[in-house]
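One structure below.
Since every read-out is calculated from the coordinates, none of them should be taken as a lab result. Because the structure is predicted, anything quoted here is derived from the model rather than measured. Backbone-built Cβ (ideal geometry, glycine too); neighbour counts: all protein chains shown.
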Amino acid sequence: MLPEAFWRDFGSAPLLAAIAEAVAALPAKPGRLAVALSGGTDSAMLAVHAALYARGHGLPVHCFHIHHGLQAPADRWRDHAHDLAQMLELPCHSLTVSVALSGGDGIESAARDARYRGLAQLARQTGVRHILLAHHRGDQAETVLLRLLRGAGPTGLAAMAPVSYRDGLDDEGAREGDASQGLCYMRPWLDMDRSLLLAQADAFAAISGWSPVQDPTNADDRYTRAAVRRRLAPELNQRWPGWQASLARHARQSAEIAGILEEVAEQDFATLDPDPDGGGFSLAAWRRLSPARQALVLRHWLALAGLRMPTDARLRDWLRQLRGLHALGHDRQMRVKHGSAWIRCVKGRVFLER
């Protein structure tokens with residue numbers, strides 16, 4: 001058990017304030033919160049500060065631990081996470097998930113998707129609707145950099161949203177601010193420097209004897225994000241010490257632009273004689289849009305269906321095919337595969353077939 005002085009004196013004021021601000025900004029006070037707890041430094045300090053915040057506000061907090069089974073010491077990490085939760089007097093729920101490596105997206109993407117599916121399952125079991133994630137300014141900057149290198153557009157460069165709603169979908173399927181999309185994921189520390197978390201981890205270890213686990217993949221540059229941290233970040237830190245804050249600011253500005261584009265896409269989609277469920281639209285009406293807005297509304301339509309965003313090359317090919325069809329679809333039918341769905345055009349209507 002932690003000493004009473006811990007509950008009275010421990011914690012970083014900026015980190016606690018960020019959690020309080022994130023909760024206060026929600027449309028309604030949540031009945032309970034959960035923390036996605038891996039056992040690493042960032043998520044452990046989020047669990048600590050969430051426990052401190054919750055005790056002062058009478059808000060139940062759960063810890064969710066996802067066991068991917070990809071590392072030999074993963075069983076110990078699970079037990080270590082449960083030890084921390086017990087110290088903090090929080091219930092901890094763990095779930096072993098299967099990581100599907102046959103989808104062609106790479107192990108990092110597959111593990112992330114499995115993690116969100118697991119979090120969604122634990123949320124359903126515990127009645128939790130709001131889950132805290134420990135991403136910080138460094139994580140946000142890395143995400144922006146990776147998306148720049150992958151050729152992401154303005155929406156992609158918005159990177160991670162402070163609040164997003166989804167139910168087991170990947171990042172591309174999440175829609176910021178749309179509560180109809182499922183669970184609420186909150187990232188209160190996106191503007192926080194990781195040095196604050198490291199200092200708190202050292203202080204907590206001195207009080208409790210509990211230290212975060214170290215995932216070796218974080219230092220293995222065979223993994224894309226680890227390569228950024230080990231190879232690019234040291235050079236950027238030396239030449240441009242403020243690069244993380246600059247890229248985090250770029251993400252916020254991109255999010256604003258993305259919001260405007262979403263409003264335009266919603267307005268344009270409403271002019272396409274859409275089906276009541278949004279599953280189809282008029283090809284002729286779509287063709288009356290400018291080329292840029294044709295692409296924009298097509299992405300919006302896919303997002304409404306919860307599908308991944310296509311690559312730029314694939315999207316351009318779809319645009320070419322749609323523009324080449326007879327306005328009423330008499331000359332031929334379009335049928336292209338995307339994820340779990342087929343995009344088809346029959347008799348002048350573009351629709352999804354699952």
Seminar exercise, completed: FRET efficiency (M1, Q267; Cβ distance; R0 56 Å; to 0.05) is 0.45
Exercise. What spacing in nm lies between the two simple spin-label points modelled at V163 and R55, each 7 Å away from Cα in the Cβ direction?
Worked result: 2.7 nm
Exercise. Can you give the extra length, in nm with one decimal, that the chain gains between Q321 and A20 once fully stretched, where that is 0.36 nm per residue apart less the Cα-Cα distance?
Worked result: 103.4 nm
Seminar exercise, completed: So the FRET efficiency between L149 and A199, C-beta based with R0 = 35 Å and rounded to 0.05, is 0.70
Seminar exercise, completed: Residue-normalised 222 nm signal for the chain, counting each DSSP H run of n ≥ 4 as -39,500 (n - 2.57), nearest 500 deg cm²/dmol, is -15000 deg cm²/dmol
Problem set entry | Rg ratio (alpha-carbon, reference 2.2 N^0.38 Å) - segment 184-256 | 1.35
Exercise. Using modelled backbone amide H atoms (1.01 Å from N, in-plane), which distant-in-sequence or interchain residues come within less than 5 Å of C92's amide H?
Worked result: C63
For this session: Convert each backbone phi in segment 238-248 into a coupling constant with the Karplus relation 6.51 cos²θ - 1.76 cosθ + 1.60 (shift: θ = phi - 60°), then list the ³J(HN,Hα) values in order as whole Hz, x for Gly and Pro.
Result: 6, 8, 10, x, x, 5, 5, 5, 5, 6, 5
Exercise. Once label points are set 7 Å from the Cα along Cα→Cβ at both R32 and D220, what is their separation, rounded to one decimal in nm?
Worked result: 3.5 nm
Problem set entry | A100 versus D9: modelled label distance in nm, points set 7 Å from Cα along the beta carbon direction | 5.2 nm
Problem set entry | Amide H within-cut-off set for L2, under 5 Å, with H built and near neighbours excluded | none
Problem set entry | Additional length obtainable on full extension of the chain from T311 to A72, 0.36 nm per residue less Cα span | 82.6 nm
Exercise. What span do the alpha-carbon atoms of segment 4-235 cover on each of the three principal axes, reported in whole Å from largest to smallest?
Worked result: 50, 38, 33
Problem set entry | A292-N237 FRET efficiency (beta carbon distance; Förster radius 30 Å; 0.05 resolution) | 0.20
Problem set entry | Packing rank of 50-56, 256-262, 13-19, where each peptide gets the mean count of other beta carbons within 10 Å, highest leading | 50-56, 13-19, 256-262
